[in-house]
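K.L.:
Can you keep this structure in mind? I'll have questions shortly.
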Amino acid sequence: MNTTLQKYLPERAIEPCFELIKKHGVHLKVVNHRVTRHGDYRRMPNGLHQITVNASLNKYRFLITLIHEIAHLVAFETYGRRIKPHGLEWKRTFQHLMVPFIRPEVFPSKLLPIIAHHFKNPKASSSTDARLSIALKSFDSQESDKSYVYELPMGSVFRLYNGRLFKKGKKKVKRYECVELSSGRLYLFQPNAEVELINDTSFEPPF
């Protein structure tokens with residue numbers, strides 16, 4: 001297990017993560033990239049606690065995702081299985097488990113204030129926090145052919161992973177109104193939603 005963790009986690013996070021995994025009886029599986037999720041937690045029929053995390057994540061997002069899923073396990077075991085998956089009990093558990101990792105020995109200095117702000121009220125997904133998601137993305141090792149919605153010029157046409165086409169419209173508070181070309185229906189997109197640009201004529205700042 002330690003060998004696996006060395007490949008995917010910041011060096012100073014390996015031992016404390018290993019201890020959490022042992023303490024809570026986690027069966028960790030590192031899996032191929034999934035578009036719709038970074039990780040998940042399931043209690044298996046045999047009582048085993050299985051956590052899966054995408055292998056494609058950079059080490060900082062991998063760490064946050066792993067602790068996110070362990071927090072589900074601990075919250076359910078502490079407060080019962082009838083709590084909301086991302087309710088107050090989970091948030092408090094996630095905050096408590098992450099505190100030992102929010103330090104310069106684990107995260108780069110430019111990430112620390114963004115992560116500290118995020119964990120004042122953690123979201124159901126790190127991707128929902130646009131500022132954190134964009135900051136974490138800068139540490140990805142592979143170049144991507146995807147663009148963020150906020151980068152696209154007004155009126156651009158873009159494609160989602162499932163092939164659906166949209167046209168970018170105006171910003172409404174923190175999200176962008178985009179029209180699905182096939183149905184004419186209006187959808188709201190987070191600024192850090194990753195999409196495939198079909199045309200490009202200008203640039204727009206994120207916030």
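Throughout, read-outs are computed from the coordinates displayed, never taken from laboratory work. Just so it is clear, the structure is predicted and the values come from calculations on it, not from any experiment. Cβ coordinates were reconstructed from backbone atoms using ideal geometry, including for glycine residues, and neighbour counts include every protein chain displayed.
K.L.:
Report the extension gain between LEU181 and ARG42 in nm, rounded to one decimal, defined as 0.36 nm multiplied by the number of residues separating them, less their alpha carbon distance.
P.N.:
Gain on extension, LEU181 to ARG42, equals 46.3 nm.
K.L.:
Considering the convex hull of the alpha carbon atoms of segment 45-137, report its projected area averaged over all viewing directions, in nm², one decimal.
P.N.:
So the mean shadow area of the Cα hull is 6.4 nm².
K.L.:
If you don't mind, another one. Efficiency by 1/(1 + (r/R0)^6): what FRET value for GLU77 and LYS120, r their Cβ-Cβ distance, R0 = 25 Å, to the nearest 0.05?
P.N.:
0.50
K.L.:
Next up: Extension gain VAL99-ARG159, at 0.36 nm per residue separation less the Cα-Cα distance, in nm?
P.N.:
In short, 17.8 nm is gained.
K.L.:
Measuring from the lowest to the highest alpha carbon on each principal axis, how far does segment 147-197 reach, largest first, in angstroms?
P.N.:
25, 20, 15
K.L.:
Same structure again: Classify segment 97-171: rounded, prolate or oblate, from the alpha-carbon gyration tensor (a ≥ b ≥ c, eigenvalue square roots; a/c under 1.5 rounded; otherwise prolate if a/b is larger than b/c)?
P.N.:
The shape class here is prolate.
K.L.:
Next question. Nothing charged except the Cβ atoms of Lys and Arg (+1) and of Asp and Glu (-1): what's the magnitude of the dipole of segment 147-197 about its Cα centre? Round to the nearest 20 debye.
P.N.:
The calculated dipole for segment 147-197 is roughly 240 debye.
K.L.:
Given Cβ point charges of +1 (Lys, Arg) and -1 (Asp, Glu) and nothing else, what value in debye, to the nearest 20, does the dipole of the chain about its Cα centre take?
P.N.:
With only Lys, Arg, Asp and Glu charged at Cβ, the dipole is about 700 debye.
K.L.:
Could you give the nm distance between label points at ARG34 and LEU88, where each point is 7 Å from its Cα heading toward the beta carbon?
P.N.:
3.0 nm
K.L.:
Take the alpha carbon atoms of segment 24-60, find their center, do the same for segment 98-125, and report the distance between the two centers in whole angstrom.
P.N.:
Cα centroid to Cα centroid, the span is 21 Å.
K.L.:
With an 8 Å cut-off on Cα pairs and a minimum separation of 6 or more residues, tell me the relative contact order of the chain in percent.
P.N.:
Contact order relative to length: 14 percent.
K.L.:
Could I ask something else about it? Provide, for q = 0.14, 0.18 Å⁻¹, the log10 of I(q)/I(0) from a solvent-free Debye sum over equal Cα point scatterers in the chain.
P.N.:
Results for the chain at q = 0.14, 0.18 Å⁻¹ read -0.90, -1.27.
K.L.:
Applying the Karplus parametrisation 6.51 cos²θ - 1.76 cosθ + 1.60 with θ = phi - 60° to the phi angles of segment 128-135, what ³J(HN,Hα) value in whole Hz is obtained for each residue in order, glycine and proline being reported as x?
P.N.:
Couplings: 6, 8, 4, 5, 5, 4, 5, 5 Hz.
K.L.:
I would also like to ask the following. So who's got an amide H within less than 5 Å of the one on SER56, skipping anything under 5 residues away but keeping other chains? H placed 1.01 Å off N, in plane.
P.N.:
Amide H to amide H, under 5 Å and 5 or more residues apart or across chains, SER56 pairs with HIS33.
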